[in-house]
Amino acid sequence: MLEGMRVVELAYFYPAPYCTQILAELGAEGIKIEPPSGDPMRYRSEIFAALNRNKKSLVLNLKDEKDLSKFYEIVGKSDVVVEGFRPGVAKKLGVDYESVKKVNPGIIYCSIPGLRGVNKPVHDINVLSLAGICLIAGKKFGKPIDPNVQLSDFASAVFAAISILAAYVRKIKTGEGCYINLSMLDAALASVPLHSARLLNGMDVAEDFVSNPGYDVYEAKNGYVSVGILDEKHFWKEFCEKLGLEYGDLSFEERIKRADEIRKRISEVLKDKSVEELEGILENVPFSAVRNFPKESEIFCEAEYDKKYRVVGFPATFSNFEPKRSGKVPKLGEDRDI
C-alpha cells in the first residue's frame, strides 16, 4: 500500500518508533538510525520487538562528519524523516528540518517532542500529568492516578502517522514537502474530546463516566464485571428489570444525584451472582466480564528478534491488502549497505 515510501527514523523508546512501524506495516521502507549504543529500549527485547518490526537498522554517529554525510545521502533519497528528540537537539546535530530540506526540498519531516518548544525531558506519565489526564483518570478515586496505558506515547505515534500520510498525499499532488510538529502533550489533549469539550467550556469532567452508577466496574461472586450504560433509557430500564432493581424509571440526572445509593445497591445484587450467570441475564445490555489480556486474536503475530515474540499487529483488515504484521526485528546496525 505504501510501497515506494522511504521513512528515516531518528528516535528512541516509543512514539516515533511506533509511528515508523505503523507506516512499515502498511508497506513503507523504514530505516532506523541508531547511535553506536543503540536504542535504549533494546534492553527490553519484548517491547523493542513490539515497536520496531519490519525496519532496517543503521548505526551512525551523527556527531561524526563522515556518518553525518551518510545520513544526508540517505535522506536525500527518502520521503519522510521522523524524529523524537527534545526541541533543539536535532538542530544541534545538524539533522533538523531546515538542514535536511537543503538536500531534499520535498522531504516530509515530523518531529514528536514531549512538549512543543520546551527542551525538557518528559515521559508519558509526565505528559499525562501536565495534560490533566491523571486528574481526570483519578476523579472517581479523589486523587490523580497514572492510567498505566501510555496514552500520550500511543496517541502521538498514531497522530504522527496520520499527519505524515496526509502530507504524503499532498506531496503526491503538489510535489511539496512540509514540516510537522506534533508534541506528545498536544496528542494527549486531543485524545480526551469528551472531557475537554466540558472542561474548555466551564464544566467539570463528563459525569457519564465518573458519577454515573451505570458506567462502572463491579465485583461479582467469582470475578469482576463492567457495566457501560450512558444516558440510554432502554438499556438502563432492562438492566434494572433483569436484576430486580427499583431504579428503572429514573432519569439520567436522577441517577447521578442518587449515585452512591444506586451504586451500593447494584454492588449488593451483583456480588450474589456469578460472572457467567450475569453474562446470560444481561446479554442485551452493554455489559461484559473483566478479563485478562487475551491469548488469541486474529491480529496477534510473531516478531523474530533474539527469539520469537508474540506481538500485536496492525489492527485493520483491508479487502485488497495485507498489512505486514509479522516481521523481523533488526539487530543493531545489521543493514550497513543502505
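Please treat every number below as a calculation from the coordinates, not as lab data. The structure presented is a predicted model; accordingly, all values stated were derived computationally and were not measured. Cβ atoms come from the backbone with ideal geometry, glycine included; neighbour counts cover every protein chain shown.
Dipole magnitude of the chain about its Cα centre, charges +1 at Lys/Arg Cβ and -1 at Asp/Glu Cβ only, in debye to the nearest 20?
So the dipole magnitude of the chain works out to roughly 1120 debye.
Pull out a ≥ b ≥ c, the square roots of the eigenvalues of the alpha-carbon gyration tensor of region 280-327, then state rounded if a/c is under 1.5, prolate if not and a/b is larger than b/c, and oblate in the remaining case.
Oblate, because a/c is 1.5 or more while a/b does not exceed b/c.
With Cβ to Cβ distances under 12 Å as the rule, what net charge do the other residues near Lys273 carry (K, R +1; D, E -1)?
-3
Output the antiparallel fraction of DSSP beta bridges having both residues in the chain, as a percent to the nearest 5.
40
Would you mind counting up the charge near Val75? Only other residues with Cβ under 12 Å from its Cβ, with Lys and Arg at +1 and Asp and Glu at -1.
Working: positive: Arg6, Lys70, Lys77, Lys101, Lys102; negative: Glu9, Glu73, Asp79, Glu83, Asp96.
Combined, the nearby Lys, Arg, Asp and Glu give 0.
What's the ranking of 127-135, 228-236, 267-275 by average number of surrounding C-beta atoms within 10 Å, highest first?
So the peptides 127-135, 228-236, 267-275, ranked by packing, come out 127-135, 228-236, 267-275.
By count of other Cβ within 10 Å, fewest leading, how are Ile338, Ile112 ordered?
Neighbour counts put them in this order, fewest first: Ile338, Ile112.
Across region 32-46, in residue order, what do the Karplus-derived ³J(HN,Hα) couplings come to in whole Hz, using 6.51 cos²θ - 1.76 cosθ + 1.60 with θ = phi - 60° and x for Gly and Pro?
8, 8, 10, x, x, 7, x, 5, x, 6, 4, 6, 10, 4, 5
On C-alpha positions alone, give me the angle between the axis of helix 15-25 and the longest principal axis of the chain, in degrees, nearest 10.
In the chain, helix 15-25 runs at an angle near 80 degrees to the longest axis.
Out of residues 5 or more away from Lys55 or on other chains, whose amide H comes under 5 Å of its own, with H placed 1.01 Å from N in the peptide plane?
Long-range HN contacts for Lys55: none found.
Per 10 Å bin, what percent of the C-alpha pairs of region 215-290 does each bin hold, from zero upward?
All Cα pairs considered, the percentages come to 20, 61, 20, 0.
Tell me, what HN-Hα J-couplings in whole Hz come from the Karplus equation 6.51 cos²θ - 1.76 cosθ + 1.60 at θ = phi - 60° for each residue of region 289-306, using x for Gly and Pro?
6, 8, 10, 6, 4, x, 8, 9, 6, 5, 9, 6, 8, 10, 10, 9, 9, 6
Relative to the longest principal Cα axis of the chain, at what angle does helix 65-75 sit, 0 to 90 degrees, rounded to 10?
That helix lies at roughly 60 degrees to the long axis.
What list do you get for Met1, Met41, Met184 if you sort them by fewest beta carbons within 10 Å?
Details: Met1 14, Met41 17, Met184 32.
The fewest-first ordering by Cβ neighbours comes to Met1, Met41, Met184.
Within a Cβ distance under 14 Å of Glu298, other residues only, what is the Lys/Arg minus Asp/Glu net charge?
0
Would you work out which of Pro113, Leu62, Pro15 lies farthest towards the positive end of the dipole of the chain, given +1 charges on the beta-carbon of Lys and Arg and -1 on that of Asp and Glu, about the Cα centre?
Leu62
Could you please rank His123, His195, placing first whichever residue has the fewest other Cβ atoms within 10 Å of its Cβ?
Result, fewest neighbours first: His123, His195.
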